[in-house]
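Only one structure is covered here, and it is reproduced in the block below.
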Amino acid sequence: MDTVATFRVPRVAYLDSHGHLPAPPAGFDPDRLVPVYRGMMLTRAFDAKAVALQRTGQLRTYPSSLGQEAVSVGLASVMRPEDVLLPTYRETGAMLWRGVRMEEILLYWGGDERGSDFAGPREDFPIAVPIASQCCHAVGVAQAFKSRQSPRVAVCCLGDGASSKGDFYEAMNAAGVMQLPVVFVITNNQWAISVPRSRQTLAVSFAQKAIAAGIPGEQCDGNDPIAVRDAIGRAVERARRGEGASLVECVTYRLSDHTTADDARRYRDEAEVSAAWANEPVARLRHYLADQKRWSKQDEEALIAEIGAQVTAAVERYLATPLMPRQDLFDYLYAELPADLRRQRDAFLLDAEGAGHD
Ligand SMILES: Cc1ncc(C[n+]2csc(CCOP(=O)(O)OP(=O)(O)O)c2C)c(N)n1
Ligand SMILES: [Mg+2]
């Protein structure tokens, strides 16, 4: 029997779980890491506040990214402002890095669509909740960049669960064959709500899904921001040079519940979660920066105070935002509302008045 082809799935990891860096990647610049650390800390503080707001009835739902901050902030930190991010609901870190305001993210999870109308970055996509739908959008974005000969890159985030969907395979195949400037980033956080990675795929990596599309696929330690920046940075620059699409799998762990509507204790072992905490990315990077004398206890205290004040101020702005007129739900559906919906609208308004809803 002949062999048609053989493949290799590369993996990069640099920072060990104690924050030691035996051998950095080519072109490594430690000066870039303090802002990344700050972004990760901001994301974690914002996440904790958002969960608290939901628990006190001030937010409808929230998907925490606890434990995944290195992926989210890392990927955004290697993009240029003019690139386009297509996020899932768990990319708060990337969105904040790119300039989406905290109060906008809160508005979105508070059920207010104005939260998707970011003041900036205007061309980034809104949060995609329908799983993997953003993969096809990313191909369209990248196709536009290519036909305009514009050196911009689309970065499409998805989860391990999303990588089982047809949209993802179709998008990756099209991006491959058309050599489009798009990077698919699979955040493999080991869970898709209650479905564990072992039931998601028999493939030994998610990175190897790239092989069928003929594009490069690489795995990185998603709790190592240096590895995330290296792997995704190379993929983004490759796309920018006109060399086409690629896939990067970032291996991490979802330390939180799926969303505030979930209770993960019902389906996963606490011991697994405790073991994953030993590898979490924020402490890991902090240890490295402290070892390198780039981060002190005073820096840490000042940062905690600074981001605490930023988050508090954003929450105040969110809570002070006047609600949307409730009839908007109907008013932007049709140029002229059909009679049955008009009746529903009138009944809804009357009902809401009577019940004294906000
Ligand atoms: C098309 C579609 N089907 C089902 C759902 C319900 N759903 C929400 S999150 C989720 C799991 C996604 O898992 P993964 O892609 O690993 O992302 P993670 O939540 O772990 O970040 C599912 C099935 C959905 N939002 N959209
Ligand atoms: Mg997942």
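The values are calculated or read from the model by the stated rules, or taken from the named source; none is laboratory data. The shown structure was predicted, so the numbers you read here are calculated from the model rather than taken from an experiment. Cβ atoms come from the backbone with ideal geometry, glycine included; neighbour counts cover every protein chain shown. Each accessible area value is taken on the protein alone, full model and side chains, heavy atoms only, with ligands, DNA and RNA left out. Shrake-Rupley method; radii C 1.70, N 1.55, O 1.52, S 1.80 Å.
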For His18, what charge total do you get from the other residues with a beta carbon under 14 Å from its beta carbon, if Lys and Arg give +1 and Asp and Glu give -1?
-> -3
Return the percentage of antiparallel bridges among DSSP beta bridges fully within the chain, rounded to the nearest 5 %.
-> 10
What's the long-distance tail for the chain, i.e. % of Cα pairs beyond 39 Å?
-> 18
Which of the helices in the chain, when you take each full DSSP H run, stretch at least 30 Å along the axis at their Cα atoms and have an average Kyte-Doolittle score of -1.0 or higher?
-> 33-55, 297-319
Provide Tyr14, Tyr62, Tyr332 ordered by accessible surface of protein heavy atoms (probe 1.4 Å), highest first.
-> Tyr332, Tyr14, Tyr62
Hey, what's the chain come to in accessible area per residue, 1.4 Å probe, Å²?
-> 48
Net charge dipole size for the stretch 221-348 [Lys, Arg +1 and Asp, Glu -1 on Cβ; Debye, nearest 20] = 300
Would you please give the FRET efficiency between Val34 and Asp346, computed as 1/(1 + (r/R0)^6) with r the Cβ-Cβ distance and R0 = 45 Å, to the nearest 0.05?
-> 0.20
Each label sits 7 Å from Cα toward the beta-carbon; between Asp291 and Phe7 the label points are separated, in nm, by 3.4
By accessible area of protein heavy atoms, probe 1.4 Å, what ranking do Glu82, Glu218, Glu113 get, highest first?
-> Glu113, Glu82, Glu218
Hey, can you rank 280-290, 31-41, 188-198 by average C-beta count inside 10 Å, highest first?
-> 280-290, 31-41, 188-198
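Classify the stretch 105-168 as rounded, prolate or oblate from the Cα gyration tensor: take a ≥ b ≥ c as the square roots of its eigenvalues, call it rounded if a/c is under 1.5, otherwise prolate when a/b beats b/c and oblate if not.
Since a/c reaches 1.5 but b/c is at least a/b, the shape of the stretch 105-168 is classed as oblate.
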Would you mind computing, in nm to one decimal, how far apart the modelled labels at Ala144 and Glu301 are, each placed 7 Å from Cα along Cα→Cβ?
-> 4.9
Under 14 Å from Lys293, Cα to Cα: aspartates and glutamates that are on another chain or at least 8 residues apart | Asp31
Paramagnetic reach from Arg268 in the stretch 35-73 [backbone N under 15 Å; point 7 Å along Cα→Cβ] = 63-69
